[in-house]
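In what follows, a single structure is set out as structure tokens and then discussed.
Just so it is clear, none of the values below were taken in a lab; they were calculated from the coordinates. Predicted model, so just to flag it, every value in this text is computed and none were measured. Using ideal geometry, Cβ is built from the backbone for each residue, glycine included, and neighbour counts are taken over all protein chains shown.
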Amino acid sequence: LIHANPPNLQSNIQYIRRFRHPSRLLEEAGYYLTQLESAVHFLLNVKAQFLKLSEEEFELYMTGNHPDQNTSTSSPPAASTIPSSLN
């Protein structure tokens with residue numbers, strides 16, 4: 001989600017939930033929509049205590065400055081890069 005940065009993500013999810021025929025939201029399609037909603041909710045609501053991190057360590061991870069990330073070749077994006085479409 002963070003890398004793709006789809007525009008108007010939450011309004012698109014709401015549109016699908018409101019106007020897609022309920023029978024089309026069963027099985028696989030409904031599963032994928034639920035997973036997408038869960039990922040968006042997690043990104044919008046994640047807190048240090050949920051991850052059992054100190055506030056300082058959480059901020060280091062969220063800004064992309066944690067020492068463990070500097071040793072890897074590809075680090076996850078910082079919280080400041082979370083797309084505005086998720087808000």
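Listed highest first by mean packing, meaning other Cβ atoms within 10 Å per residue, what order do 43-50, 61-68 come in? Walk me through the numbers before you get to the answer.
Values: 43-50: 11.5, 61-68: 14.0.
The most tightly packed comes first, giving 61-68, 43-50.
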Obtain the nm distance between the two label points defined at Glu59 and Leu43 by a simple spin-label model: each point lies 7 Å from its Cα along the Cα-to-C-beta direction.
2.4 nm
Could you order the peptides 15-24, 29-38 from most to least packed, using the average number of other C-beta atoms within 10 Å per residue?
29-38, 15-24
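If each residue of separation counts as 0.36 nm, what is the full-extension length gain between Tyr31 and Asp68 once their alpha-carbon separation is subtracted?
Details: separation 37, 0.36 × 37 = 13.32 nm, distance 3.35 nm.
Extra length from Tyr31 to Asp68 when fully extended: 10.0 nm.
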Karplus 3J(HN,Hα) series, Hz, for the stretch 50-63 with 6.51 cos²θ - 1.76 cosθ + 1.60 (x for Gly, Pro)
5, 9, 6, 10, 6, 4, 5, 5, 4, 4, 4, 5, 5, 9
Can you give the FRET efficiency to the nearest 0.05 for Asn12 and Leu51, using r as the Cβ-Cβ distance and R₀ = 25 Å?
0.35
